[in-house]
Amino acid sequence: MAVVISESLELQGRPAAAGIAVGPLIVLGDLSPQRAASGSIEIERRDFESALASAAHDLSQLIARVEGDGSDMLAFQLAYLEDETLRSRVIEVLSNGVPADEAWQQLLNAEINDYRSADDEYFAARSGDLKDLRDRVLRHLKGGVLERSLAPGAVIASDEVGPTLFLEMDWSKGGGLLLTAGSASSHVAMLARASGVPMVVGLGQVNFQDHSEAVIDGETGRAILSPNEEQRNRYLLKLANIKQQKTWETAFLRKPARSADGVHIELLINVAAIEELDRIDSAVCGGIGLMRTEFLFKDGKPLPDEEQQYAAYRRLLEWAGEKPVTIRTLDLGGDKPVRGLTSEREKNPFLGVRGIRLTLVRSNVFRTQLRALARAAVHGNLKVMLPMVTIAEEIRQAGLLLDDVMRELKAEGIACARPPLGIMVEVPAVAIAPELYDEAAFFSIGSNDLTQYVMAAARDEPGVSHLNDPTHPAILKLIASVVAFGRDRNIPVSLCGDMASDPRYLRPLLRAGLRSISVAPDAIGRVKAALSEAVLSET
Ligand code: PEP
Ligand code: MG
């Protein structure tokens, strides 16, 4: 018998989640065998009902162990599955003699297309969740291999993978995802990044069938099918180095944020979702440097009311204890639209009615947020930060509104406190002439926006990503001058843009004089480790 040994095949896709995986290759399309129709309407109906029940059972089990963004998506799928109209529509098609799997597929495909073609981004993004749900029920109907039995540590190849399938797989022994289609901004990609599972998307047409082993480099978007010995060893070595580096960084998590020559740095964290706090001990950081409240405002969902916001802000303060918590008022608009709140007609949303510009126009929404913040302020060390400030008058107007809601709350006999009002330094006007904004209680440099506005290169435009460089001398010069101004005038200055989370940028930031930064929670160990090697007197 001839043994066919495949040639190694190198592929280039788009990176979606960093990390290296080397393991057996499993092609997901193989999982569900053909299903033979029974010919009996009764049996088809019974099989369909039982597949629905099993899928609902899977989802309920997943909901019990998943938090954050994943749990919203699971709740959406479960509610969809339990919708009585959907069930009766499938049964109606079944009653015409159509086999259960075909009837389910017909209806779900039509729904998926409707969602996909929606103008609204929220609905378009949900089409992937429906596809995931469709395939889950189909797998139960067809009795296919269930994801739980996939080899742990395997590299999974497919056109797309649904988020629940991802959540059910066992990633504890490594493994990764290799997608011919897919997107780096999908739900699965977000989940993969959060759980450290390497993922490459957009590989295009690939014949996986001739290969039984694969390597993924989620940093570069490279993949190798049937790697030869030299390639396998090279990547295994990289993997070992990454693991070693991670262990080294983890060891720093609980250590103070101190340079090699003993200078203490204030290291705060950026928070996007309240649930993130469940996984972080407040002892590992100096508090919260940025809470992006816009993530409480989900497109397509009702706006959170005062009570919901108060509960969320209070939770942050209680988590932090005595430590400072900087909560930023709504920064909607730009790349964060919310239907009914932000403008849909702007030609250039990044230069439009965004952040403080929007909240001053929508003062009812702003007042609700300020009331919730003033109420939460009695529970800890709260600071409130205004995004996209461009003229000092915006700080004044926000201050007057805050005074007004304070009067209102006191008159209503509700406990409240007036938090200090600071600003983001992210519009070049502020970074160039910070002296015009000296009524702000503190400055926090938003290097993401500052870079895009100074370099005239949109932060979400791949074609100009080479220009979107936060270490360009023009940006570092502005950062240094804002820090110097703050030091002169006793106005605290921090930096909460993404560059603070990247150890490569630590030295330039320290050189610019920064002694306070706010980083992504998973960067705490990494940044402390890099700091421990920096000699401040030499930066
Ligand atoms: C920034 O612009 O650097 C920042 C922290 O704000 P966001 O990324 O939310 O715009
Ligand atoms: Mg910003």
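The values are calculated or read from the model by the stated rules, or taken from the named source; none is laboratory data. Predicted, not measured: the structure shown is a model, and the values here were computed from it. Here the Cβ positions follow ideal geometry from the backbone for every residue, glycine too, while neighbour counts run over all protein chains shown. In case anyone asks, the SASA skips ligands and DNA or RNA and just uses the protein heavy atoms, side chains included. Shrake-Rupley method; radii C 1.70, N 1.55, O 1.52, S 1.80 Å.
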Are any residues in segment 486-507 open to solvent by 30 Å² or more (accessible area, probe 1.4 Å), of a type outside the set (D, E) and more than 15 Å from A257 (Cα to Cα), and if so, which ones? R487, R489, N490, P492, R504, Y505
Residues of segment 384-426 that turn out to be open to solvent by 60 Å² or more (accessible area, probe 1.4 Å) and either under 18 Å from E294 (Cβ atoms) or in a helix (DSSP H, G or I) (or both), as a count: 8
With respect to R459, determine if the residue is open to solvent by 60 Å² or more (accessible area, probe 1.4 Å), in contact with a helix residue (DSSP H, G or I) (Cβ under 9 Å, 6 or more places away or on another chain) and more than 16 Å from ligand 1 (Cβ to nearest atom). no
Criterion (open to solvent by less than 10 Å² (accessible area, probe 1.4 Å) and touching a Phe, Trp or Tyr at 6+ places or on another chain (Cβ under 9 Å)) met by exactly one of I280, I327: I327
Quick one: how many residues across segment 387-413 are within 16 Å of ligand 1 (Cβ to nearest atom) and under 18 Å from Y310 (Cα atoms)? 0
If we keep only residues of segment 289-322 that are within 16 Å of ligand 2 (Cβ to nearest atom) and not in a loop (DSSP other than H, G, I, E, B), then the residue farthest from M73 (Cα to Cα) is G289
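Would you check which residues across segment 432-456 are away from ligand 1 (no atom under 12 Å from the Cβ), small (G, A, S) and closer than 18 Å to K477 by Cβ and list them?
Quick first cut of segment 432-456, residues away from ligand 1 (no atom under 12 Å from the Cβ) only: 432-443, 455-456.
Going one step further and asking which of them are small (G, A, S), we end up with 433, 440-441, 456.
Answer for segment 432-456, where residues must be away from ligand 1 (no atom under 12 Å from the Cβ), small (G, A, S) and closer than 18 Å to K477 by Cβ: A433, A456.
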Does at least one position in segment 40-52 carry a residue that is open to solvent by 40 Å² or more (accessible area, probe 1.4 Å), at pLDDT below 85 and touching a helix residue (DSSP H, G or I) at 6+ places or on another chain (Cβ under 9 Å)? no
All but one of (1) buried (at least 21 other Cβ atoms within 10 Å of the Cβ); (2) touching a helix residue (DSSP H, G or I) at 6+ places or on another chain (Cβ under 9 Å); (3) not in a loop (DSSP other than H, G, I, E, B) hold for A223, so report the exception by its number. (2)
Among the numbered conditions (1) in contact (Cβ under 8 Å) with a residue 12 or more places away in the chain; (2) touching a Gly at 6+ places or on another chain (Cβ under 7 Å); (3) away from ligand 2 (no atom under 16 Å from the Cβ), tell me where V353 comes up short. (3)
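Can you find, within segment 54-71, the residue that is nearest to F297 (Cα to Cα) among those that are under 18 Å from the mean Cα position of the chain (by Cα), crowded, with 16+ Cβ neighbours inside 10 Å and not small (G, A, S)? Break it down stepwise before answering.
The first filter runs over segment 54-71 and keeps only residues under 18 Å from the mean Cα position of the chain (by Cα), leaving 66-71.
Still in the running and crowded, with 16+ Cβ neighbours inside 10 Å: 66, 68-71.
Subset that is not small (G, A, S): 66, 69.
Numbers: V66: 21, D69: 13 Å.
Selected residue: D69.
Tell me which residues, restricted to segment 204-219, are among the aliphatic types (A, V, I, L, M) and either modelled with pLDDT of 95 or more or open to solvent by less than 10 Å² (accessible area, probe 1.4 Å) (or both). Don't jump to the end; show me each part of the working.
Looking only at segment 204-219, we keep the residues that are among the aliphatic types (A, V, I, L, M), and these are 206, 214-216.
If the condition is that a residue be among the aliphatic types (A, V, I, L, M) and either modelled with pLDDT of 95 or more or open to solvent by less than 10 Å² (accessible area, probe 1.4 Å) (or both), then A214, V215, I216 are the ones that fit.
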Mind telling me which of the residues T326, T342 ends up being part of a loop (DSSP other than H, G, I, E, B), closer than 26 Å to L421 by Cβ and within 16 Å of ligand 2 (Cβ to nearest atom)? T342
